[in-house]
Amino acid sequence: NAGVTQTPKFQVLKTGQSMTLQCAQDMNHEYMSWYRQDPGMGLRLIHYSVGAGITDQGEVPNGYNVSRSTTEDFPLRLLSAAPSQTSVYFCASTQIVGNSPLHFGNGTRLTVT
Amino acid sequence: GESVGLHLPTLSVQEGDNSIINCAYSNSASDYFIWYKQESGKGPQFIIDIRSNMDKRQGQRVTVLLNKTVKHLSLQIAATQPGDSAVYFCAENRAGGTSYGKLTFGQGTILTVHP
């Protein structure tokens with residue numbers, strides 16, 4: 001049981017480039033989400049999904065797109081990277097029923113130059 | 001918007017001491033609170049949670065206390081060990097139902113345990 005798996009672990013992009021951060025979970029969790037973590041700040045919610053085909057915006061959605069074609073996968077896309085998107089990105093998942101805790105992946109460290 | 005905050009950004013303790021990490025929240029509608037531990041290079045790891053209808057919950061070496069009157073949350077770690085050194089985050093869920101996973105995180109407290 002791998003839990004929440006994020007790839008890649010590290011990525012460097014130039015301004016304007018695009019890329020997709022991958023997230024997969026093998027716990028059959030309906031809920032998945034993306035957070036970003038910046039120095040001195042807590043995690044901030046980017047986008048989330050309560051099931052396949054359903055996505056919604058979080059606190060800081062601008063510059064990011066998501067889709068949820070399967071229960072297992074929840075990729076995060078940066079269409080045109082900006083230096084302000086330099087951050088550590090965490091994917092998390094949990095069950096829909098009840099207030100279950102979020103399970104986090106180990107993050108993707110992204111640098112945009 | 002409203003947010004969860006921490007009183008102390010850093011905490012240093014000696015091995016074997018008890019540690020107390022504090023957290024203030026501002027939204028009285030929050031009904032679920034969680035503590036996470038984050039080690040360097042890793043994602044947050046669930047420690048313990050508590051619902052708003054409880055004042056105290058205990059786990060293995062950890063206790064969470066919730067004071068709804070003053071909107072205060074604390075994490076107590078008994079017999080702190082060097083392996084407890086990490087950043088600790090409190091988080092709140094501001095509403096039940098489908099927003100259970102839309103947690104709002106505090107800034108974090110760095111706990112350093114000296115041998």
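Listing for the model above:
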| read-out | value |
| --- | --- |
| Förster-model FRET efficiency, 41 Å R0, B:H114 and B:D31, C-beta, rounded to 0.05 | 0.65 |
| Ranked B:S74, A:S93, A:S69, criterion: other C-beta atoms within 10 Å, fewest first | A:S69, B:S74, A:S93 |
| Stokes-Einstein diffusion coefficient of chain B, Kirkwood radius over Cα pairs, 20 °C, 1.002 mPa s, in µm²/s | 151 µm²/s |
| At R0 = 30 Å, FRET efficiency that the Cβ-Cβ distance of A:S67 and A:M41 yields, to 0.05 | 0.65 |
| Ratio of the Cα radius of gyration of the protein assembly as shown to 2.2 N^0.38 Å, where N counts its residues | 1.01 |
| Spread of Cα-to-Cα distances over 10 Å intervals beginning at zero, given as percent, for the stretch A:68-113 | 22, 41, 29, 8, 0 |
| Compactness of chain A as Cα Rg over 2.2 N^0.38 Å, two decimals | 1.00 |
| Straight-distance crosslink candidates among lysines, where the alpha carbon sits under 26 Å from A:K14 and sequence neighbours closer than 8 are dropped | B:K42 |
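Readers should treat all values here as calculations from the given coordinates under stated rules, not as data from a laboratory. In this text the structure is predicted, and so the values were computed from the model without any measurement. Note that each Cβ is placed from the backbone with ideal geometry, even for glycine, and that neighbours are counted across all protein chains shown.
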